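S.K.: Encoded as C-alpha coordinates, here's the structure I'll be asking about.
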Amino acid sequence: MTAQAMQHNGLQQIFEEHRQPLLRYLRAHGAGEAAEDLLQELWLKVVASLPGPVANPRSYLFRAATNLMIDWRRSSAQAHRRDVEWAGLTDRLPGSAANDPGPERMVEGRRQLDLVEARLATLPARAVSIFRQHRIEGITQRKIAAAMGLSASTVEADLRIVYRLLAELKEKLDEE
(Lines give C-alpha, C1' and ligand atoms only; values in the text may rest on other atoms or scores of the structure.)
Protein backbone atom coordinates (compact mmCIF):
# COMPACT_ATOMS: atom_id res chain seq x y z
CA MET A 1 0.00 0.00 0.00
CA THR A 2 1.34 3.42 -0.94
CA ALA A 3 1.93 6.17 1.59
CA GLN A 4 -0.82 8.23 -0.04
CA ALA A 5 -3.33 5.34 0.27
CA MET A 6 -2.36 4.81 3.92
CA GLN A 7 -2.80 8.52 4.60
CA HIS A 8 -6.22 8.47 2.85
CA ASN A 9 -7.33 5.45 4.92
CA GLY A 10 -6.10 7.09 8.11
CA LEU A 11 -7.89 10.33 7.32
CA GLN A 12 -11.04 8.41 6.45
CA GLN A 13 -10.87 6.61 9.80
CA ILE A 14 -10.42 9.92 11.65
CA PHE A 15 -13.30 11.41 9.63
CA GLU A 16 -15.59 8.49 10.52
CA GLU A 17 -14.62 8.74 14.20
CA HIS A 18 -15.51 12.44 14.21
CA ARG A 19 -18.53 12.22 11.92
CA GLN A 20 -21.15 12.86 14.62
CA PRO A 21 -19.25 15.72 16.30
CA LEU A 22 -18.69 17.30 12.86
CA LEU A 23 -22.38 16.93 12.07
CA ARG A 24 -23.34 18.54 15.40
CA TYR A 25 -20.80 21.32 14.75
CA LEU A 26 -22.28 22.08 11.32
CA ARG A 27 -25.83 22.08 12.69
CA ALA A 28 -24.83 24.27 15.64
CA HIS A 29 -23.30 26.78 13.25
CA GLY A 30 -26.47 27.19 11.21
CA ALA A 31 -26.40 24.42 8.61
CA GLY A 32 -29.65 22.87 9.86
CA GLU A 33 -31.02 20.34 7.38
CA ALA A 34 -28.09 20.96 5.03
CA ALA A 35 -25.61 19.56 7.58
CA GLU A 36 -25.54 16.06 6.04
CA ASP A 37 -24.93 17.47 2.57
CA LEU A 38 -22.22 19.77 3.89
CA LEU A 39 -20.56 16.88 5.69
CA GLN A 40 -20.47 14.93 2.42
CA GLU A 41 -19.06 17.99 0.66
CA LEU A 42 -16.45 18.32 3.40
CA TRP A 43 -15.31 14.74 2.85
CA LEU A 44 -15.10 15.24 -0.92
CA LYS A 45 -13.01 18.39 -0.47
CA VAL A 46 -10.70 16.72 2.02
CA VAL A 47 -10.19 13.73 -0.28
CA ALA A 48 -9.68 15.95 -3.32
CA SER A 49 -7.04 18.06 -1.62
CA LEU A 50 -5.12 15.06 -0.27
CA PRO A 51 -2.91 17.17 1.98
CA GLY A 52 0.46 16.03 3.11
CA PRO A 53 0.84 14.54 6.56
CA VAL A 54 -1.53 16.27 8.98
CA ALA A 55 -0.21 16.83 12.49
CA ASN A 56 -3.65 17.15 14.08
CA PRO A 57 -6.30 15.54 11.85
CA ARG A 58 -9.20 16.44 14.18
CA SER A 59 -8.30 20.15 14.11
CA TYR A 60 -7.78 19.95 10.35
CA LEU A 61 -11.28 18.51 9.84
CA PHE A 62 -12.96 21.08 12.08
CA ARG A 63 -11.05 23.93 10.44
CA ALA A 64 -12.12 22.62 7.03
CA ALA A 65 -15.71 22.44 8.34
CA THR A 66 -15.46 26.07 9.50
CA ASN A 67 -14.20 27.17 6.09
CA LEU A 68 -16.98 25.21 4.41
CA MET A 69 -19.60 26.89 6.64
CA ILE A 70 -18.20 30.33 5.79
CA ASP A 71 -18.46 29.53 2.07
CA TRP A 72 -21.96 28.07 2.51
CA ARG A 73 -23.19 31.15 4.40
CA ARG A 74 -21.77 33.48 1.76
CA SER A 75 -23.39 31.45 -0.97
CA SER A 76 -26.73 31.34 0.87
CA ALA A 77 -26.66 35.08 1.54
CA GLN A 78 -25.82 35.79 -2.09
CA ALA A 79 -28.66 33.54 -3.29
CA HIS A 80 -31.06 35.28 -0.90
CA ARG A 81 -29.97 38.74 -2.11
CA ARG A 82 -30.39 37.60 -5.71
CA ASP A 83 -33.90 36.29 -4.97
CA VAL A 84 -34.90 39.51 -3.20
CA GLU A 85 -33.53 41.64 -6.03
CA TRP A 86 -35.28 39.50 -8.63
CA ALA A 87 -38.57 39.75 -6.75
CA GLY A 88 -38.09 43.52 -6.55
CA LEU A 89 -37.49 43.72 -10.29
CA THR A 90 -40.53 41.65 -11.21
CA ASP A 91 -42.68 43.78 -8.90
CA ARG A 92 -41.69 46.85 -10.92
CA LEU A 93 -42.58 45.40 -14.31
CA PRO A 94 -45.65 47.15 -15.70
CA GLY A 95 -48.64 44.83 -15.83
CA SER A 96 -46.80 42.07 -13.98
CA ALA A 97 -49.24 39.21 -13.43
CA ALA A 98 -47.68 38.57 -10.04
CA ASN A 99 -48.20 42.18 -9.10
CA ASP A 100 -51.39 43.29 -10.83
CA PRO A 101 -53.85 40.70 -12.07
CA GLY A 102 -55.91 43.35 -13.84
CA PRO A 103 -59.63 43.95 -13.54
CA GLU A 104 -60.69 41.19 -15.94
CA ARG A 105 -58.73 38.50 -14.13
CA MET A 106 -60.04 39.75 -10.79
CA VAL A 107 -63.66 39.60 -11.98
CA GLU A 108 -63.13 36.14 -13.51
CA GLY A 109 -61.36 34.91 -10.38
CA ARG A 110 -64.17 36.17 -8.17
CA ARG A 111 -66.76 34.49 -10.43
CA GLN A 112 -64.90 31.18 -10.28
CA LEU A 113 -64.49 31.43 -6.50
CA ASP A 114 -68.21 32.12 -6.09
CA LEU A 115 -68.98 29.11 -8.28
CA VAL A 116 -66.68 26.87 -6.23
CA GLU A 117 -68.18 28.13 -2.96
CA ALA A 118 -71.72 27.57 -4.27
CA ARG A 119 -70.90 24.02 -5.37
CA LEU A 120 -69.15 23.23 -2.07
CA ALA A 121 -72.30 24.38 -0.26
CA THR A 122 -74.21 21.52 -1.94
CA LEU A 123 -71.95 18.92 -0.29
CA PRO A 124 -72.28 17.49 3.21
CA ALA A 125 -70.93 19.99 5.77
CA ARG A 126 -68.62 17.36 7.31
CA ALA A 127 -66.93 16.68 3.95
CA VAL A 128 -66.36 20.39 3.33
CA SER A 129 -65.05 20.87 6.86
CA ILE A 130 -62.61 17.99 6.45
CA PHE A 131 -61.49 19.38 3.07
CA ARG A 132 -60.89 22.88 4.48
CA GLN A 133 -58.99 21.52 7.48
CA HIS A 134 -56.82 19.27 5.36
CA ARG A 135 -56.16 21.36 2.25
CA ILE A 136 -56.34 24.90 3.61
CA GLU A 137 -55.24 24.59 7.22
CA GLY A 138 -52.76 21.78 6.51
CA ILE A 139 -54.00 19.39 9.19
CA THR A 140 -53.21 15.73 8.52
CA GLN A 141 -55.99 13.29 7.76
CA ARG A 142 -55.05 11.26 10.83
CA LYS A 143 -55.40 14.29 13.14
CA ILE A 144 -58.72 15.27 11.57
CA ALA A 145 -60.03 11.74 12.05
CA ALA A 146 -58.99 11.70 15.71
CA ALA A 147 -60.42 15.17 16.41
CA MET A 148 -63.75 14.35 14.77
CA GLY A 149 -63.97 10.80 16.11
CA LEU A 150 -63.96 9.30 12.62
CA SER A 151 -62.02 6.53 10.96
CA ALA A 152 -59.26 7.41 8.52
CA SER A 153 -61.23 5.75 5.71
CA THR A 154 -64.24 7.99 6.44
CA VAL A 155 -62.03 11.07 6.21
CA GLU A 156 -60.59 9.79 2.91
CA ALA A 157 -64.08 9.06 1.56
CA ASP A 158 -65.27 12.57 2.43
CA LEU A 159 -62.18 14.07 0.77
CA ARG A 160 -62.87 12.00 -2.37
CA ILE A 161 -66.39 13.50 -2.54
CA VAL A 162 -64.96 17.02 -2.50
CA TYR A 163 -62.11 16.17 -4.90
CA ARG A 164 -64.57 14.61 -7.36
CA LEU A 165 -66.73 17.75 -7.32
CA LEU A 166 -63.70 20.01 -7.76
CA ALA A 167 -62.39 17.90 -10.65
CA GLU A 168 -65.76 18.12 -12.41
CA LEU A 169 -65.90 21.85 -11.80
CA LYS A 170 -62.35 22.32 -13.10
CA GLU A 171 -63.21 20.39 -16.24
CA LYS A 172 -66.29 22.58 -16.73
CA LEU A 173 -64.30 25.79 -16.21
CA ASP A 174 -61.56 24.61 -18.58
CA GLU A 175 -64.17 24.08 -21.30
CA GLU A 176 -65.45 27.67 -20.97
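S.K.: Which whole-Hz couplings ³J(HN,Hα) result when phi for each residue of segment 55-69 is put into the Karplus expression 6.51 cos²θ - 1.76 cosθ + 1.60, θ = phi - 60°, listed in order with x for Gly and Pro?
M.R.: Per-residue couplings from phi come out as 5, 10, x, 4, 4, 4, 5, 6, 5, 5, 5, 4, 4, 5, 5 Hz.
S.K.: Something else about it: Excluding Ile144 itself, calculate the net charge of residues whose Cβ lies under 12 Å from the Cβ of Ile144, where each Lys or Arg counts +1 and each Asp or Glu counts -1.
M.R.: +2
S.K.: Now, a different point. On the accessible surface of the chain, probed at 1.4 Å, how many percent belong to carbon and sulfur atoms?
M.R.: Using a 1.4 Å probe with all protein chains present, the chain comes out at 55 percent carbon and sulfur.
S.K.: Under a 1.4 Å probe, what is the accessible area of the chain per residue, stated in Å²?
M.R.: 69
S.K.: Using a Förster distance of 25 angstrom, determine the FRET efficiency expected from the C-beta separation of Ala77 and Gln40, and round it to 0.05. Present the calculation step by step, with values, prior to reporting the outcome.
M.R.: Values: r = 22 Å, r/R0 = 0.87.
Using R0 = 25 Å, I get an efficiency of 0.70.
S.K.: Using Cα positions and a limit of under 19 Å, work out the aspartates and glutamates in reach of Lys172, with same-chain residues fewer than 8 apart set aside.
M.R.: In chain and number order, the partners are Glu108, Asp114, Glu117.
S.K.: Is it possible to state the helix-based mean residue ellipticity at 222 nm for the chain, with each DSSP H run of 4+ residues giving -39500 (n - 2.57), the sum divided by total residues, to the nearest 500 deg cm²/dmol? What is it?
M.R.: The per-residue figure over the chain is -25500 deg cm²/dmol.
S.K.: Taking 7 Å along the Cα-to-C-beta vector as the label spot, tell me the Arg160-Ala28 distance in nanometres, rounded to one decimal.
M.R.: That separation, rounded to one decimal, is 5.2 nm.
S.K.: Among Phe131, Ala77, Ser153, pick out the residue whose Cα is farthest towards the positive end of the charge dipole of the chain, where Lys and Arg carry +1 and Asp and Glu carry -1 on C-beta, about the Cα centre.
M.R.: Going by the charge dipole, the pick is Ala77.
S.K.: OK, next. Using only the heavy atoms of the protein chains and a 1.4 Å probe, how would Arg132, Arg164 rank by accessible area, largest first?
M.R.: Arg164, Arg132
S.K.: Per-residue HN-Hα couplings for segment 115-122, Karplus 6.51 cos²θ - 1.76 cosθ + 1.60 at θ = phi - 60°, whole Hz, x for Gly and Pro?
M.R.: Running phi through 6.51 cos²θ - 1.76 cosθ + 1.60 with θ = phi - 60° gives 5, 4, 4, 5, 5, 5, 5, 7 Hz.
S.K.: Under 30 Å Cα-Cα from Lys143, which lysines qualify once same-chain neighbours fewer than 8 residues away are excluded?
M.R.: Correct list for Lys143: Lys170.
S.K.: Using the Karplus equation 6.51 cos²θ - 1.76 cosθ + 1.60 (θ = phi - 60°), what ³J(HN,Hα) coupling, rounded to whole Hz, does each residue of segment 15-20 give in order, writing x for Gly and Pro?
M.R.: Karplus-based 3J(HN,Hα) across segment 15-20 equals 4, 5, 5, 9, 4, 5 Hz.
S.K.: Hey, another quick one. Quick one: if the Förster radius is 41 Å, what FRET efficiency do Arg142 and Leu115 give, using the C-beta to C-beta distance and rounding to 0.05?
M.R.: Step by step, r from the Cβ atoms, then E = 0.85.
S.K.: Which of Gly102, Gly52, Gly30 moves most in a GNM of the chain, Cα contacts under 10 Å?
M.R.: Fluctuation is largest for Gly52.
The values are calculated or read from the model by the stated rules, or taken from the named source; none is laboratory data. Just so you know, these numbers come straight off a predicted model, no measurement behind them. Every residue, glycine among them, receives a Cβ derived from its backbone with ideal geometry; neighbour counts consider all protein chains shown. In case anyone asks, the SASA skips ligands and DNA or RNA and just uses the protein heavy atoms, side chains included. Shrake-Rupley method; radii C 1.70, N 1.55, O 1.52, S 1.80 Å.
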